[in-house]
Every structure is written in C-alpha cells, then in structure tokens.
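Written out below as structure tokens is the structure these notes cover.
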Amino acid sequence: MIKVEHLNKSFGSLQVLKGISTEIKKGEVVTIIGPSGSGKSTFLRCLNLLEVPTDGKIFIKDVEITDKKANIKKIRENVGMVFQHFHLFPHKTVLQNITYAPVKVNGMTKEAADKAGMELLEKVGLANKANEYPNRLSGGQKQRVAIARALAMNPEVILFDEPTSALDPEMVKEVLEVMKSLADTGITMLIVTHEMGFAKEAADRVLFLDQGIVVEDATPAQFFTNPQSPRAKEFLEKML
Ligand code: ADP
Ligand code: MG
C-alpha cells in the first residue's frame, strides 16, 4: 500500500528525517513510537504531502506521490488524517463536518452524503449528536467525529497523529475503542501514539523512530519484550 524509499526531510539546516525506507502492506496497522522531536509527525505529514519531502520517494499503491506531477487532491482523498487537536470546522454541525468533503470534493449528492454520514456517526456512537456544533462536544466525542469525517472519503489509508494525546484520561478509551474496531476492517492505519497498551493489542507492527531514523521495525511482541537498540530500551523504561 505504501512504499517509502530513502525519505529525507529538512527544515532549513535541520535534517529531521534521515533516509527512511519502509513498506506497509494493505490492511496493516502500524504504530509509530519514539521520543518527542524524533520526526514522527513530519513522517506522517510527508505521506499525504502536508510536508514536501526534501528527497526520496513515496509510493501509494504504485503511484509515486513525490512525483512533481502527482495529483495531490486525489492522494489526499485516499489518505485520511486525524490530528491531535481534531481540526473540526467550528461553524459546521457534526454531520456537516462529515459531509462537507464528500459533497464538495467528491461531488456526492447531499442526500447520499447525509445518509453515509449518519451511518458513520452510528459507527462511532454519535448519531444523536449529528446536529450539534463541535464546541458542545467533549474531546473524545470531537475526536470520534474527526475519525468519522476521515472515513467519509473512503480512504484506503488513515494516518493518526497522537489522536488521544489531547484528551482527558477518561476519554482516551472511547477513541481507542473506535480505532480498534477500525483496525479490524482491513483499512491501512498508521498511528503515532504514546498509548503502549494500544500498540501492544491492536498493532501488527511497531516502528520506533529516533532522531529521524527508523531504529526498530518489529512486531509489538518483539518490540515490547525484547527491544534491540539501547535507545528503544531506554525509551520503554521511561514509558512503562
Ligand atoms: P515528533 O512528532 O516526533 O515530536 P516532529 O516531526 O514534530 O517530531 O518534529 C521533528 C523536528 O522537526 C523537531 O525538531 C521540530 O522542531 C522540527 N520541525 C517540525 N516541523 C517544522 C517546521 N515546519 N519548521 C521547522 N522545524 C520543524
Ligand atoms: Mg508529533
């Protein structure tokens, strides 16, 4: 589904990603773990061109998105993103947040988009909030709306950048439950998270990033019981 070859990203003289190469299969659930500032967000943002790689290649389903002629709009339709701070449209209702892109970008009829939107809200347990505005929702509810919004475009890949980091502890679980149910649907998921329990239970793979390098690429069982690098060992000792 995703192939990354020698990806480098610099901001000015600061090299943030240093030669990342990896492949992610269709349906894989991959968590990206690593210290703050290690380049996790930058890596995710490169995958849907929110950041333009300095060099290297990224392919999504055999389409080279780093090609100058790539159709960014099409790529973003196929690669959804969920952010730490939700980024909902404040002046739109919950349902309008979800139907906006399918209608505007995909040319879906309002009726079809509303119907699909309500089904998605059922899935994330928020059908009763369809006509509320985001500021009337809890953080956990906002994030579930953001997930439903990402799903509305029928992406094959969803990128999650610390989706539970801004939530009060009691709301983390409801969002992780929605993500776990998604993991079973065959959609490809990349998740930057500090939720080690989620990584252990729901992920197929862990990428450990340190200073812009993938230091470990392992199953959760391998990573959490027998990390290979001193940096991962040190990181896990602090986390667990
Ligand atoms: P992480 O998500 O792992 O915490 P980031 O990818 O956000 O790390 O950031 C990695 C490094 O890149 C940090 O040193 C950060 O300050 C820097 N960085 C990120 N985005 C930008 C930007 N737009 N301009 C300049 N520096 C940036
Ligand atoms: Mg980050």
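Principal-axis analysis of the Cα atoms of the chain puts helix 169-183 at an angle of about 90° to the longest axis. P(r) tail, the range 125-170: Cα-Cα pairs separated by more than 16 Å, 42% of all pairs. Does anyone have the angle between helix 110-123 and the longest principal axis of the chain? Alpha-carbon axes, 0 to 90°, nearest 10? Rounded to the nearest ten degrees, it is 60. The lysine pair tally for the range 88-155, using Cα distances under 18 Å and a gap of 8 or more places or different chains, is 10. Net charge near residue 210, counting Lys/Arg +1 and Asp/Glu -1 over other residues with Cβ under 12 Å of its Cβ? Combined, the nearby Lys, Arg, Asp and Glu give +2.
Take the solvent-accessible surface of the protein heavy atoms, probe 1.4 Å, and return the percent of it on the range 88-155 that carbon and sulfur atoms account for. Reported share for carbon and sulfur atoms: 50 percent. Summarised as an ellipsoid, the range 14-129 has semi-axes of 31, 18, 14 Å, derived from the eigenvalues of the Cα gyration tensor scaled by 5 and square-rooted, with the largest first.
Can you list the GluC sites (Glu not before Pro) in the range 122-196 that are in a DSSP coil and have 16 or fewer other beta carbons within 10 angstrom?
Values: sites: 122, 132, 156, 170, 174, 177, 195; in loops: 132, 156, 195.
Listed in order of number, the matching sites are 132.
In the context of the full set of protein chains, residues of the range 82-166 present 47 Å² of accessible surface per residue (probe radius 1.4 Å, heavy atoms only). For the residues 115, 142, 18, a GNM of the chain with alpha-carbon springs under 10 Å puts the largest fluctuation on 115.
Count charges around residue 136 for me, please; just the other residues with Cβ under 15 Å from its Cβ, Lys/Arg as +1, Asp/Glu as -1. Mind dumping the intermediate values first?
Numbers: positive: 92, 129, 142, 144; negative: 132.
Net of charged neighbours comes to +3.
Taking the Cα centre as origin and putting +1 on Lys and Arg beta-carbons and -1 on Asp and Glu beta-carbons, what dipole magnitude results for the range 88-155, to the nearest 20 debye?
Numbers: 10 positive and 5 negative charges, 40 e Å.
Using only the charged Cβ atoms, the result is roughly 200 debye.
Of the trypsin sites (Lys or Arg not before Pro) found in the range 38-109, those in coil by DSSP whose Cβ has at most 15 other Cβ atoms within 10 Å are 61, 68, 69, 92.
Let's see if you can work this out: charge +1 on each Lys and Arg Cβ, -1 on each Asp and Glu Cβ, no other charges. What is the dipole magnitude of the range 1-79 about its Cα centre, in debye to the nearest 20? Could the numbers behind the result be given before it?
On the way: 14 positive and 9 negative charges, 36 e Å.
Dipole magnitude for the range 1-79 comes out near 180 debye.
Between helix 230-239 and the chain there is an angle of about 40 degrees, using the helix long axis and the longest principal axis of the Cα atoms. Across the range 152-240, the convex hull enclosing all Cα atoms gives 118 Å³ per residue.
Can you check what the net charge comes to around residue 199, using other residues whose Cβ is under 14 Å from the Cβ of residue 199 (Lys, Arg +1; Asp, Glu -1)?
On the way: positive: 40, 180, 200, 205; negative: 28, 162, 195, 201, 204, 216, 217.
Every neighbour counted, the sum reads -3.
Solvent-free Debye calculation, one equal scatterer per alpha-carbon of the chain: log10 I(q)/I(0) at 0.12 Å⁻¹ equals -0.68.
Taking the Cα centre of the chain as reference, the dipole from Cβ charges on Lys and Arg (+1) and Asp and Glu (-1) amounts to some 660 debye.
Quickly estimate the mean residue ellipticity at 222 nm for the chain, helices only: each DSSP H run with n ≥ 4 gives -39500 (n - 2.57), and the total goes over all residues, rounded to 500.
-11000 deg cm²/dmol
The values are calculated or read from the model by the stated rules, or taken from the named source; none is laboratory data. Please read these numbers as outputs of a predicted model, since none were measured by experiment. Glycine also receives a Cβ, built like all others from the backbone with ideal geometry; neighbour counts cover every protein chain displayed. The accessibility values were calculated without ligands, DNA or RNA, using every heavy atom of the protein model including side chains. Shrake-Rupley method; radii C 1.70, N 1.55, O 1.52, S 1.80 Å.
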